[in-house]
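The values are calculated or read from the model by the stated rules, or taken from the named source; none is laboratory data. Note that the structure is a prediction, hence the values are computed from the model and not measured. Cβ atoms come from the backbone with ideal geometry, glycine included; neighbour counts cover every protein chain shown. These accessible areas exclude ligands, DNA and RNA; they are computed on the full protein's heavy atoms, side chains included. Shrake-Rupley method; radii C 1.70, N 1.55, O 1.52, S 1.80 Å.
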Amino acid sequence: MTLLRSSRLVKASVAAAAFALTVSVAGCGAAGQETSGETRQFKADNGTVEIPQNPQRVVATGYAVPTLIEADAPLVGISSWQRGEPMMSDEDMKTYQDLPRVAGETAAETNYEAIAEQNPDLIVIGVPKPIFQEIDTERLESIAPVVAIGPDVPSAWKEVSRKQADAAGALERFDEGKREYEQKAEELKGKYADALDGLKLAHIGGYGEVENGNFQREFDGSWGTNVANDIGAEYYGQVSEKGKGSRAVSEYPSLEQLPSALKDAEAITYTVNADGSLPEAVKYVLDSNLWKNLPAVKKDMTFPVKYTEAATYGQATTALEALDETFAPLLKK
């Protein structure tokens with residue numbers, strides 16, 4: 001993400017100016033790049049945007065990064081996406097490492113000069129709507145057409161990722177990955193049909209706040225549950241006071257409420273890191289005596305879940321494989 005700013009800032013300004021000129025005069029995509037001029041209207045979170053029919057130089061940020069890498073889109077620059085690194089294949093990781101960084105993990109780390117330097121003909125911003133407001137949209141639009149396509153709830157990655165691939169003209173490879181995921185999910189749904197039928201599940205998520213003495217309980221459609229939902233797992237209950245975004249599918253009770261919140265759970269899943277270790281927020285729960293006295297814990301009906309931040313079909317397939325290993329003991333009970 002670091003750049004040789006002294007020389008490249010000048011190049012960036014020239015590139016941005018050149019792009020603006022070519023768009024106004026010739027209808028080209030990226031600065032100095034000849035295109036067919038064919039465009040289409042695309043509905044995104046930031047409205048209906050005119051984008052190239054077949055983009056040739058795409059910049060991606062946020063959730064769009066792993067999606068467009070997997071879909072083999074014509075990427076020329078990406079943001080950092082550390083949360084997805086443990087789920088990337090070797091091939092995708094090499095692509096991820098080789099592509100120029102034009103932004104960090106947050107909107108504040110967007111490097112507009114670096115984006116302009118890549119001469120994109122399309123910029124795909126893969127962040128939720130509230131975060132998109134933190135980006136200087138006008139500055140980006142002076143470089144290339146901008147489409148914001150981000151999730152509102154965790155499970156929305158399916159619809160969001162397809163729109164991202166569609167915008168980037170990379171649906172063929174995307175749909176291949178989607179089919180592979182759906183086939184694997186259907187296979188596991190059949191395998192665990194009897195074991196999961198009617199089983200009341202609860203999930204402890206990784207976003208609890210130890211300093212505030214709370215834990216995260218996730219319901220259907222959340223980070224740690226949405227892939228499991230696709231193989232027949234059902235997480236009972238719902239958020240007591242629904243909020244926006246992830247607050248619609250998860251809540252943060254105090255640890256003292258653990259016994260009352262999970263007393264009816266027949267089985268409990270909990271988020272673990274890619275290497276199987278416990279996130280601090282989950283360790284806080286599992287180390288407590290309140291956890292040890294839960295009925296499901298006493299019956300040895302607790303199951304670690306890896307790759308809960310899967311947000312692409314490739315990553316979710318990896319998550320399915322991990323769930324198969326996690327739920328295997330259920331077949332013997």
_Subset tally (residues that are crowded, with 23+ Cβ neighbours inside 10 Å and either under 18 Å from GLY169 (Cβ atoms) or in contact with a Lys or Arg (Cβ under 8 Å, 6 or more places away or on another chain) (or both)) for the range 78-105_ = 2
*When the residues of the range 140-161 are filtered to those that are part of a helix (DSSP H, G or I) and over 17 Å from GLY84 (Cβ atoms), which remaining residue is most open to solvent (accessible area, probe 1.4 Å)?*
GLU159
*Can you name every residue in the range 293-324 that is within 18 Å of LEU199 (Cβ to Cβ), open to solvent by 50 Å² or more (accessible area, probe 1.4 Å) and either in contact (Cβ under 8 Å) with a residue 40 or more places away in the chain or of a type in the set (Asp, Glu) (or both)?*
ASP300
*Looking at the range 119-139, which of its residues are open to solvent by 30 Å² or more (accessible area, probe 1.4 Å) and over 15 Å from GLY47 (Cα atoms)?*
ASN119, ILE131, GLU134, ASP136, ARG139
*Across the range 236-263, which residue is surrounded by the most Cβ atoms within 10 Å (Cβ to Cβ) among those that are within 21 Å of ASN273 (Cβ to Cβ) and modelled with pLDDT of 95 or more?*
SER250
*Out of all the residues in the range 90-139, which are of a type in the set (Gly, Ala, Ser), assigned to a helix (DSSP H, G or I) and either under 22 Å from PRO151 (Cβ atoms) or modelled with pLDDT under 95 (or both)?*
ALA107, ALA108
*Return the pairs, sorted by first residue and then second, in which the second residue is in a loop (DSSP other than H, G, I, E, B) and among the acidic types (Asp, Glu), the first residue lies in the range 194-219 and is at pLDDT 95 or above, the beta carbons are less than 7 Å apart, and the residues are 6+ apart or on different chains.*
LEU199/GLU266; LYS200/ASP264; LYS200/GLU266; LEU201/GLU234
